[in-house]
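First comes the structure, then the notes that go with it.
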């Protein structure tokens, strides 16, 4: 069982007693993942947890604060179409929670972000998007990691 908390001590203790996996989400907020078109937010808890683990990993590796900007999180069908997203995008939340985000960082290069995501291996897909100036990460269940670079 995976539970995500934003610093509620009582909930954290209850989680630890029940044996649930605990990751404090301290660097991401609900609004960062919302669809800009309709405001919906149906993001997978596992994916948000993976993003926090990734940020913690980057900060330990570089020994400084690393900011991650969510460029694109959840998308409704209308917004996905408007931005040219693929039909079965991991950003969509039709039959399941979204588990895809596009990120960038003002503190690291895309190449540093890409290499760290490959090294950490918590994401099932890592795509370095050269023209869009971002990195796509998703957390598909039951899939080995695939990484590639696209124009």
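Here is how the numbers come out for the structure above:
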| quantity | calculated |
| --- | --- |
| Separation of alpha-carbon centers, the range 32-65 and the range 78-133, rounded to whole Å | 11 |
| Gaussian network model of the chain, Cα within-10 Å springs - most flexible of 119, 24, 32 | 119 |
| Antiparallel content of DSSP bridges confined to the range 49-151, in %, to 5 | 65 |
| Answer label, with volume of the Cα convex hull per residue in Å³ calculated from the coordinates and candidates (i) 204; (ii) 137; (iii) 123 | (iii) |
| Gaussian network model of the chain, Cα within-10 Å springs - most flexible of 129, 61, 104 | 61 |
| For the range 31-150: relative contact order, % (alpha-carbon pairs under 8 angstrom, 6 or more apart) | 23 |
| Highest-MSF residue in the chain out of 40, 82, 117 [GNM, Cα springs under 10 Å] | 82 |
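Bear in mind that the values in this text are calculations on the coordinates, not laboratory data. Bear in mind that the values here come from a model prediction, so they are computed numbers and not experimental data.
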